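One structure below.
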Amino acid sequence: MKIIGRRQFIKSAAGLAAIGALPRLAAPAIAQGAWPNKTVRLVVPLAPGGAIDFIARQCGEVLSRNLGQQFVVENRTGAGGTIGMDSAMKSPPDGYTLLITNDNAASAPHILNLAYDYTKELVPVIDIGHQPLVFASHPSLGVNTVAEYVANAKKNPGVGYGSVGNGSSQHLAGALFATTFGLKQLVHVPYKGTGPMTNDLVGGQITMAFANMVSALPHVKAKRLNGLAVTSLKRSPSLPELPALAESVPGFEATSLPAKCR
């Protein structure tokens, strides 16, 4: 029996970035014999088109090229990511199913009525990276700062914000924001993934979201979305013109999304 260790995995992935806490790539598996000697599934519990799906496909290409076996991405969406996480957790523990996810694996058991804890059922392999979320609104809302958004939301209770599902970093960032600013009627609108949520945000079906940097940045740059702030403690080099929420709310921080696979 051969156990693939963290250092060996990183080395075989040819520089797979490991620079933060989210998202987590986890394997409910111990490999036997030479690994891998057949196709490996990369389960993504969110819809295609989002940052985690994007990084999973990048990682799959890197791993396939350097390990000589196919790493195939499989999107299993729904229920705040728990359908995909369940699929990975219940797969044979043979080393041929990997889960690439975000902080849902840690938060879901505390938010949803689950009979198990993913952090105990899944074996963490490597942290890929993290970046801040972008607090973005649709231009039709007519707000350009956090203060303007808060004032608008208090005058118009029932405004919704999007996320990639219950328990996601976007959901928790929105809940923290609502609590911090006393927006008791801010409505959470969950989606199956970043792609569908971003499409509706750009299309005006929802007017605000804490979106990940990969998805939000091109739309903010093209003025299809108004970037109001980032959720890191300091400003992001990718959008230096946007203030950090921590500038007005000390300690406010919510990070998500992977770094680039090389």
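The values are calculated or read from the model by the stated rules, or taken from the named source; none is laboratory data. Quick caveat: nothing in here was measured; it's all calculated off a predicted structure. We place every Cβ from the backbone using ideal geometry, glycine too, and count neighbours over all the protein chains shown.
Which one is modelled with the lowest pLDDT among residues in the stretch 202-237 that are of a type in the set (Ser, Thr, Tyr) and touching a strand residue (DSSP E or B) at 6+ places or on another chain (Cβ under 8 Å)?
Once the filter is applied, the top-ranked residue is Ser232.
Does Asn199 meet the test of being at pLDDT 95 or above, outside the structural domain of Ile52 (by TED's automatic domain parsing), more than 19 Å from Gly167 (Cα to Cα) and not charged (D, E, K, R)?
Spelling it out, it is not the case that Asn199 is at pLDDT 95 or above, outside the structural domain of Ile52 (by TED's automatic domain parsing), more than 19 Å from Gly167 (Cα to Cα) and not charged (D, E, K, R).
Okay, residues lined up against (1) surrounded by fewer than 18 Cβ atoms within 10 Å (Cβ to Cβ); (2) over 22 Å from the mean Cα position of the chain (by Cα); (3) in contact (Cβ under 8 Å) with a residue 12 or more places away in the chain:
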site: Lys154; (1), (2), (3): yes, yes, yes
site: Gly158; (1), (2), (3): yes, yes, yes
site: Tyr161; (1), (2), (3): no, no, yes
site: Leu172; (1), (2), (3): no, no, yes
site: Leu176; (1), (2), (3): yes, no, yes
site: Thr179; (1), (2), (3): yes, no, no
site: Leu183; (1), (2), (3): no, yes, yes
site: His188; (1), (2), (3): yes, no, yes
site: Tyr191; (1), (2), (3): no, no, yes
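Can you find a residue in the stretch 203-219 that is closer than 22 Å to Glu74 by Cα, among the polar types (S, T, N, Q) and either touching a residue at least 60 places away in the same chain (Cβ under 8 Å) or touching a Lys or Arg at 6+ places or on another chain (Cβ under 6 Å) (or both)?
Yes, there is a match, as at least one residue in the stretch 203-219 is closer than 22 Å to Glu74 by Cα, among the polar types (S, T, N, Q) and either touching a residue at least 60 places away in the same chain (Cβ under 8 Å) or touching a Lys or Arg at 6+ places or on another chain (Cβ under 6 Å) (or both).
Scan (1) under 21 Å from Gly49 (Cα atoms); (2) out of contact with any strand residue (DSSP E or B) (no Cβ under 7 Å at 6 or more places or on another chain) for the single condition Pro250 breaks and write down its number.
Here Pro250 meets the rest and fails (1).
Being surrounded by 15 or more Cβ atoms within 10 Å (Cβ to Cβ) and of a type in the set (Ser, Thr, Tyr) is the filter here, so list the residues in the stretch 142-152 that pass it.
Tyr149
Checking the condition over 15 Å from Gly160 (Cα atoms), under 13 Å from the mean Cα position of the chain (by Cα) and buried (at least 24 other Cβ atoms within 10 Å of the Cβ), which residue from Ala211, Ala216 passes?
Going through Ala211, Ala216 in turn, the sole match is Ala216.
Among the residues of the stretch 189-240, write down those that are within 18 Å of His171 (Cβ to Cβ) and basic (Lys, Arg).
Residue satisfying the conditions is Lys192 alone.
Among what's in the stretch 98-138 and is part of a helix (DSSP H, G or I) and β-branched (Val, Ile, Thr), pick the residue that is modelled with the lowest pLDDT.
Filtering first and then ranking leaves Ile111.
When the stretch 42-71 is examined, which residues are found to be touching a strand residue (DSSP E or B) at 6+ places or on another chain (Cβ under 6 Å) and surrounded by fewer than 19 Cβ atoms within 10 Å (Cβ to Cβ)?
Those that are touching a strand residue (DSSP E or B) at 6+ places or on another chain (Cβ under 6 Å) and surrounded by fewer than 19 Cβ atoms within 10 Å (Cβ to Cβ): Pro48, Arg57, Ser64.
So in the stretch 232-249, with the set limited to residues that are without any contact (Cβ under 8 Å) to a residue 60 or more places away in the chain and of a type in the set (A, V, I, L, M), which one is nearest to Val214 (Cα to Cα)?
Leu233
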